[in-house]
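Since every read-out is calculated from the coordinates, none of them should be taken as a lab result. Here the structure is a predicted model, which means the values were calculated and not measured. Glycine gets a Cβ as well: all are built from the backbone with ideal geometry, and neighbour counts include every protein chain shown.
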Amino acid sequence: MERRDFIKLTAVGAGVALASSKALRGEAAPVPAPAASPARATIGLPISIEPLAKRDLDVIFDDMRTRAGVTALFPFAYTHEPHRSGPPVANFHGGNYGTPHMQYYKDIPLTLEDMTGPEFGGGDILGRVVTTARKHGMAVFPFLLEDNVRPATVPHWETLYEVDAHGRRTDRHPGGPCYNNPFYQRFAQGLFEDYARSYEIGGIMWGSERQSGVLNALALSQSSGQDPGRCTCFCEFCQKKGRDRGIDPERARAGFGEIEKLVKAGRAKQRPRDGYFTAFWRMLLNYPELLAWEKLWVDSRHEFQASLYRLVKSINPNLQIGWHVWHNLSFSPFQAAEEDYAAMAPYSDFLRPAVYNRVAGGRFLAFVRGAHSSVFGDLSEPEILGMLSQEMGYGKDEAPYDKLNAVGLSADYVERETRRAVDGVSVGATQIWPGVDIEGSAATPETVGQTIKAAFRGGARGIILSRNYVDIKSENLSGAGAALRELNLV
């Protein structure tokens with residue numbers, strides 16, 4: 001690929017390009033405007049499936065409403081990961097905890113048995129949740145968080161997953177289902193259409209806790225330490241899309257091989273001759289296909305999300321569609337550039353940035369360790385932390401390197417990250433409903449209240465009390481309600 005072609009390719013603005021890109025099935029219609037904002041704040045709460053299947057729903061929903069004024073329920077309605085369904089069990093299968101209506105799932109390798117969650121006696125758990133939640137004044141938003149582990153009990157899922165730079169089919173994080181794979185596209189479109197047509201829901205929230213190939217190869221992640229050779233995706237569909245863009249897949253693959261060598265040498269304490277950052281920058285100069293392949297992956301995800309948004313809006317314009325934004329965005333200036341809030345706004349009624357300040361300390365340090373083995377290996381880990389804190393706008397009052405894991409980040413972090421998201425979508429009607437962490441042994445009603453108030457000072461229009469109802473102490477849920485009542489939001 002010629003350098004001038006690379007410059008042209010990477011110069012395309014993400015926001016305009018996403019709104020006008022081709023749909024996953026044929027030519028895209030214009031992205032509809034986000035739905036009109038509700039008059040009152042949305043107070044949301046995620047919940048796993050087990051209590052919804054085994055416990056008295058009226059008791060659960062009355063508890064949520066009484067303690068915290070919850071108006072929106074976010075059940076993990078489709079998942080193959082046991083921790084989102086309930087406690088881990090042997091040979092867990094998972095799947096849809098509603099009823100898959102097979103007329104919406106055409107030309108995919110998955111069967112009804114593949115997609116049906118058999119745990120808890122089967123049956124339409126989502127249908128019961130929707131009916132009962134309505135009695136309690138709560139809307140239901142199925143929370144579809146992409147599986148980070150390929151379900152071993154569902155072999156047909158294999159063909160939907162990405163292929164790494166060595167030609168291996170992925171089966172876990174940092175890989176996942178491929179956004180350019182037509183089978184996965186049709187599955188996701190079928191699931192969204194099924195829920196939109198079959199249930200009286202308030203909307204859908206989808207999330208992906210993944211990032212692009214270059215960032216994964218460099219271990220620039222809150223879950224750093226993964227194999228740098230597992231960067232994705234080089235499946236037949238991504239390779240064709242790359243060639244259509246004028247990118248040579250083999251040149252991109254060779255560039256990823258050079259990054260892999262850099263990271264493995266860094267982990268072995270073998271410093272490059274001219275230093276880590278210089279070595280990385282030289283790779284970009286020698287292999288401009290790396291950034292071109294990076295943009296292909298990022299564009300593909302946004303095109304995928306926009307197509308789902310268009311589909312649901314064509315069925316029911318009043319349904320609200322939003323996206324969970326991975327916590328890693330808080331620590332990575334690289335991913336913040338790729339996951340631009342302004343570019344996401346045209347196909348988002350709401351966004352849920354994860355701003356879990358209590359667990360953020362350990363996750364930030366994991367990101368620092370990954371950066372130390374690659375791009376920023378010339379600096380010490382405390383120096384990297386200081387540099388990234390400045391890059392990301394952290395206040396000077398955050399805990400130092402040696403205390404960050406135990407203390408986490410402050411309520412100021414929650415306000416700042418919320419404000420950044422609000423400012424990012426300020427051109428449209430998209431609302432920010434941050435996910436605030438109110439669970440865990442370190443949380444108290446007082447700290448929960450501080451966190452919630454910080455989110456609304458940052459401009460939040462709603463809030464999602466996180467991370468799971470079953471793990472939140474009752475006194476902390478009450479503390480959330482007290483803060484929301486003080487703010488006159490419930």
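At-a-glance table
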{"read-out": "Residues Ala268 and Arg168, FRET efficiency given R0 of 25 Å [Cβ-Cβ distance, rounded to 0.05]", "value": "0.65"}
{"read-out": "Helix-only CD estimate at 222 nm, as mean residue ellipticity for the chain, using -39500 (n - 2.57) per DSSP H run (n ≥ 4)", "value": "-13500 deg cm²/dmol"}
{"read-out": "Proximal lysines relative to Lys453, as straight alpha-carbon distance under 20 Å, when same-chain residues fewer than 8 apart are discounted", "value": "Lys473"}
{"read-out": "Label point at Ser223 placed 7 Å out along Cα→Cβ; residues across segment 126-149 whose backbone nitrogen lies under 15 Å", "value": "145-149"}
{"read-out": "Bridge type composition, the chain - antiparallel percent by DSSP, nearest 5", "value": "20 percent"}
{"read-out": "Kirkwood hydrodynamic radius of segment 369-472, from inverse mean 1/r over distinct Cα pairs, in Å", "value": "15.3 Å"}
{"read-out": "Long-range HN-HN contacts of Val325 with modeled amide H, under 5 Å", "value": "Arg352, Ala354"}
{"read-out": "Whole-Hz ³J(HN,Hα) from phi, Karplus 6.51 cos²θ - 1.76 cosθ + 1.60, for segment 224-230, glycine and proline x", "value": "5, x, 6, 5, x, x, 8"}
{"read-out": "Principal axis box of the chain, alpha-carbon based, largest edge first, Å", "value": "65, 54, 47"}
{"read-out": "Descending semi-axes in Å of segment 302-341, equivalent ellipsoid built from Cα gyration tensor", "value": "26, 10, 6"}
{"read-out": "Axial C-alpha extent at least 30 Å, average Kyte-Doolittle at least -1.0 - helices from the chain (DSSP)", "value": "289-315"}
{"read-out": "Volume per residue of the C-alpha convex hull in segment 131-238, rounded to whole Å³", "value": "125 Å³"}
{"read-out": "Calculated log₁₀ intensity ratio I(q)/I(0) where the Debye formula runs over C-alpha points of segment 417-476, q = 0.18, 0.26, 0.29, 0.30 Å⁻¹", "value": "-0.62, -1.01, -1.15, -1.20"}
{"read-out": "Candidate aspartates and glutamates for bridging to Lys261, where Cα separation is under 12 Å - those fewer than 8 sequence places away on the same chain excluded", "value": "Asp227"}
{"read-out": "Calculated P(r) of segment 91-160 - Cα pairs past 15 Å, %", "value": "61 percent"}
{"read-out": "Whichever lysines have a C-alpha closer than 26 Å to that of Lys240, once near sequence neighbours (fewer than 8 apart) are set aside", "value": "Lys8, Lys22, Lys106, Lys295"}
{"read-out": "Karplus 3J(HN,Hα) series, Hz, for segment 155-160 with 6.51 cos²θ - 1.76 cosθ + 1.60 (x for Gly, Pro)", "value": "x, 5, 5, 3, 6, 8"}
{"read-out": "Over segment 203-313 - Rg/Rh using Cα atoms and the Kirkwood inverse-distance radius", "value": "1.04"}
{"read-out": "Distant-in-sequence amide H partners of Ser332 (H built 1.01 Å from N, under 5 Å)", "value": "none"}
{"read-out": "Dimensions (Å) - segment 328-412, Cα atoms, principal axes, largest first", "value": "40, 28, 18"}
{"read-out": "Residues whose placed amide H lies under 5 Å from that of Gln431, excluding near-sequence neighbours", "value": "Phe350, Leu351"}
{"read-out": "Label-to-label distance, nm, for residues given as Arg40 and Asn318 (7 Å Cα→Cβ offset)", "value": "1.7 nm"}
